[in-house]
């Protein structure tokens, strides 16, 4: 059942992309004990936002997370970012993502790998939870 929900959510996110065009959108998957799938939009070379859904939870615990990020370093092959966001449901509180995205293959620059550390201030338990993840991102780039 969990895999079916993941596939349906990811399919829905991919189907929504043609509505707005492909130039600045990306989809991602974060591997960790609290895995996430995400849909991101780049506002420009420095600012971007991402809607993430925790995917390893029961349907009643699906947790959306919205983050706004700033690229501190923005190079062709890598970028380092800081962010601020919030999540609700299974975890409810503020998140502070810090990460690195890099494209290891020049010919496949649509794909990038990412590593992220995300301190989360959970209001329910009043704890600071440190999440870490690695993952993959696919960026939809308009061909000119």
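Observations, loosely collected:
- Filtered residues of region 53-80 (kept if crowded, with 20+ Cβ neighbours inside 10 Å and free of Cβ contacts under 8 Å to residues at least 24 places away in the same chain): 79
- Test: residue 73 is farther than 28 Å from residue 122 by Cβ and either part of a strand (DSSP E or B) or at pLDDT 90 or above (or both): yes
- Picking from residues in region 110-143 that are assigned to a loop (DSSP other than H, G, I, E, B) and free of Cβ contacts under 8 Å to residues at least 12 places away in the same chain, the one that is surrounded by the fewest Cβ atoms within 10 Å (Cβ to Cβ) is 143.
- Qualifying positions in region 91-109 - assigned to a loop (DSSP other than H, G, I, E, B), more than 16 Å from residue 35 (Cα to Cα) and modelled with pLDDT of 95 or more: 96
The values are calculated or read from the model by the stated rules, or taken from the named source; none is laboratory data. For clarity, every value in this text was computed on a predicted model and none was experimentally measured. Cβ coordinates were reconstructed from backbone atoms using ideal geometry, including for glycine residues, and neighbour counts include every protein chain displayed.
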